[in-house]
Every structure is written in structure tokens, then in C-alpha cells.
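Notes to accompany the following structure.
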DNA sequence: CCAAAAGTGTTATAGCTACACCCATGT
DNA sequence: ACATGGGTGTAGCTATAACACTTTTGG
């Protein structure tokens, strides 16, 4: 391994699965490619990593370039390195996911609608490269993460109803949950703050609005409390 | 992105955390580097990935070259891509872990003892590159995996006592477990086969030997059974 | 007979599942 | 008044945690 120059001929990329929750469905952000390879195909937002760019920061750059979002935690999921996955040469890619709130979601869906779209995960068809496989792995990571960490709130507006939270869990897990048991469990964790506010303008009894209390969660998590749905 | 040639200047590597269980302790395989960079340092077994080599297969190749082991499942854990992690240029690395049985463990520890060693995880000191961080991430992955999947058996001989299994769990999780409750739980899963054999040559009541029944586990896992310690 | 680890059951508690009706609001 | 989703309690069951003594073997 004294001459390693023949090894330094690969490229590296990141691909992002950006999850949103809208109209009761989990959606992902996809872009229509304007250039070869895979011109005209829908693809996950992704980019080559610059030579002098940190890998994890590269994922944040892609998210920022595409959605304008900053300071959104990106979770590294898995790295894909089959030989022929990219037509232009040897490109190994690392997949990340991020969770974005509906507010960010609508702003961008409307302004770049020709190149960017939010697509419900059950309507995704053939994507460029190995992006269908990447999506599956991120989805499966999301499903296990949502059961063990309080990340669902990142997909909802700052204040939300318990029913909205339950629908979110049902959408991600693909199951239906018992309303009373779900509420009991979530409220017993004491990580939600009752803002004393209710919905307005709904054609039924207005629901209380809650807000995730990250401080309180951090405090009890240090004492060994485990979030678990 | 029409001229991408400037991107194809990176190299890629894999690093392997190879776990073994011996003398009641979790150990990892480390090698002493014979060449720069980090000549003379202890390091995780790792290698650059060939241009025409699949990433996951590359991890298997490294394991095979170092231990002679074949057909050992390698679990991809995480990818590390800070800019300056490798002195020779931009090298991004993917970490894998593998679990090997004691039989394989002793054979190689004796024959290459100057370059290769099994070190208890609590005696690991400074390793080359960012390998201490890589080790931590694999260890944390192992700890969560062992609670949710029946992988502990891969660290034990084909036949083992329940006490050995319990000690393994205690070593990985860093806790002590109640003997009666542990046995009840494991046996109630009905994934262990009682071979009707007992230990020999021990200075106390000889224990029954058990064997993991992968077929039985697969069958009940398909019915939704979840392994959980 | 002593040392060492194997093996074994019960009880109390906590958490989970299943389940049905009344309430507040807008139209 | 009706339609819509919000909000609530209990009982049975299951899983978990805590706990101590007898058994079998080798030396």
C-alpha cells in the first residue's frame, strides 16, 4: 500500500430523504433531474461531496440548497456502494434523512413545483439510481426511530392536537392505534406542555393544543427515562 | 455538474470492529500498523476499497484477509467523513462490525501475535486515525442490537450453557441480570434446543448445553415474534 | 465434607389491551 | 337538530422485578 494514488479516483455523494407530514400522509421531497445521467427522472435530492467538505455538513448543504432550511438535524442512515450504481464512475453515496415541519413544506412545494415535489410515500414510483432502495432504508430507519425517540414532533407544527400526533404515528407505522391508550401513554410521559389554547374554526369540539417540551424531556432522559411507543 | 472530473479524487476505505467473547470479556481484534501513516500504532483492521469492488464485499475481504473467516455477516454501522481524518488525502471510511466465535478467535491470536491482538474493550487505548470514535459507534450499535435480535449466539461456541449466555449479555450491556428471570425469559422464547448433553470436567454440578435453533427462530419471527432482552 | 456453580417458583407490581359513551362546536 | 371529531375510565390480563435455597459434581 505504499503507492495509493490509484485509489484516489472515486467520488462521493449524499442523498437525502426529506420527510414531511401533510394531509395525513407521510411525504418525501423529490426533484426532477434536469441533466444526465437520469435526465427527466425523479430522484432524491443529492449532490456530490466536495473534496474539502465534511460529509455530514455536505448533507446539510444539500438540504439548505433545496429547501432553504437550516439547523435541521440530519440523520445518517446507510452507505451504498455497489460498483455500478452511478453511470459516470465510481460514486459511493451516504443516505440521510431529515424531518421537516409543514410550514417549510408548503413554501417550497409551491415555488419550485416543476422541479420539486412532495410525494406521499405510497405513491413513489421508479426513481433514478438506486434511490428506491435508499428510500426504503430511510423509511425503515424512521419507523424504528419514531418508536424510540420523541422525533415525531419535528413533523408537526409547534403546537398540535393529540389526534394529529396519533395520526402521524399511524401514518408512519402503518397501524391504527387506540385513542384512549395512545393519549394515556403520551400524557403519562409528561413531555407535552398544555398551552391552554384550543383549535379555532373547526366544525366540532375544538381540541387542546400541546407543545413538545424538549427541556423537560432532556431532564428525564438523563435520569434513564426511555421514550417508547 | 457537467464536468465532474474534479470530484473523482477521493478514496474509500472500510474499517472493521471484530468482536469476540473470551474469558468473560468482550474483546476486539486490533492490528499493529507496520507502515505509515500511523506506523507502530494499534488500529482497527481496515483497508482501502478497490475501484471495482463492492463496498460491503470489501468489508468481507478485509475480515477474510485478517482472520481467514468466511461467510461471517458484517453489519454496516456508520460512515465517517471528516476532512482531515486521513493524512494521505481525502479518505472516507465505512465502519462494520462482525461477531466471531471463540474457536476462530484463538487460532489467529496465537499465530500472528505480534501484529494482531484481541484486546478487552475496556483496555483499549489510543488507536490510529479516528478509530476510537469508530469503535464507540460500533459498540453502541452492538449494545442496541443484542437487545433486539438473537445475535449473542454468534459470540459463543455452537453449544453453550445458559450461564455463559447470561455472562455474555452482562459483559455487553454492562449490567448484572437476575439469573432466574434471565433463564425464564430466554427459555420461554423457545429458540434454544436442549441437546441433552452436559458439561464435562467442571468442578461443580455440570450445566446443560443448549444450541440456538435458527430455523425455529425464523419461523416464529415471521409470525411477528420479537426477540427482546 | 467443602467449594463452586447449576437449577428452580412464587408473589407483588406495573404496564398493556380492549372497549363505549358523552361533549363542544359549526352548519 | 345533526354531523364531526374531542375527550374520558375501568377491568382483566400479561409481563416484569424481586428474592433464597437445594442439587450435583470435583477435589
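Derivation of every value follows stated rules applied to the coordinates shown; laboratory data play no part. As the structure is a prediction and not an experimental result, all values here were calculated from the model. Here the Cβ positions follow ideal geometry from the backbone for every residue, glycine too, while neighbour counts run over all protein chains shown.
How big is the antiparallel share of DSSP beta bridges in chain A, given as a percent to the nearest 5?
On the way: 25 of 34 bridges.
Within chain A, antiparallel bridges account for around 75 percent of the total.
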To the nearest 10 degrees, how steeply does helix A:102-111 sit against the main Cα axis of chain A, on a 0 to 90 scale?
50
Test of understanding: in a Gaussian network model of chain B with alpha carbons linked when under 10 Å, which of B:206, B:37, B:157 would top the mean-square fluctuation ranking?
B:206
Measure nothing fancy, just the Cα-based angle from helix B:55-67's long axis to the longest principal axis of chain B, in degrees from 0 to 90, nearest 10.
70
Sort A:88, B:226, B:192 so the one with the fewest other Cβ atoms within 10 Å of its own Cβ comes first.
B:226, A:88, B:192
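How many percent of DSSP beta bridges within the protein assembly as shown run antiparallel, rounded to 5? Walk me through the numbers on the way to the answer.
On the way: 51 of 69 bridges.
Counting only bridges with both partners in the protein assembly as shown, antiparallel ones make up about 75 percent.
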On the first, second and third principal axes, largest extent first, how far apart are the outermost C-alpha atoms of the protein assembly as shown in Å?
79, 58, 39
Please find, in a Gaussian network model of chain A (springs between Cα atoms separated by less than 10 Å), the residue of A:152, A:196, A:46 whose mean-square fluctuation is greatest.
A:196
Which shape class, rounded, prolate or oblate, goes with region A:152-222 when its Cα gyration tensor gives a ≥ b ≥ c as root eigenvalues, a/c under 1.5 marks rounded, and past that a/b bigger than b/c marks prolate?
oblate
Cα axis of helix B:179-188 to longest principal axis of chain B: angle in degrees, 0 to 90, nearest 10?
90
Among B:204, A:106, rank each residue by its count of other Cβ atoms within 10 Å, from fewest to most, as a rough exposure measure.
B:204, A:106
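Output the antiparallel fraction of DSSP beta bridges having both residues in region B:5-137, as a percent to the nearest 5.
Details: 19 of 28 bridges.
About 70 percent, rounded to the nearest 5.
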With no solvent and one point per C-alpha, what does the Debye sum give as log10 I(q)/I(0) for chain B at q = 0.08, 0.11, 0.13 Å⁻¹?
-0.35, -0.63, -0.84
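Is there a simple number for the mean count of other chain Cβ atoms within 10 Å of the Cβ of residues in A:46-56, and what is it?
Details: counts 0, 2, 6, 5, 5, 8, 3, 3, 5, 7, 4.
Per residue, the number of nearby Cβ atoms from other chains is 4 on average.
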Chain B - mean residue ellipticity at 222 nm from DSSP helices (-39,500 (n - 2.57) per run, n ≥ 4, rounded to 500):
-10000 deg cm²/dmol
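Among B:218, A:101, A:9, which comes first, second and so on when ranked by fewest other beta-carbon atoms within 10 Å?
Numbers: B:218 10, A:101 17, A:9 14.
By the 10 Å Cβ count, ascending: B:218, A:9, A:101.
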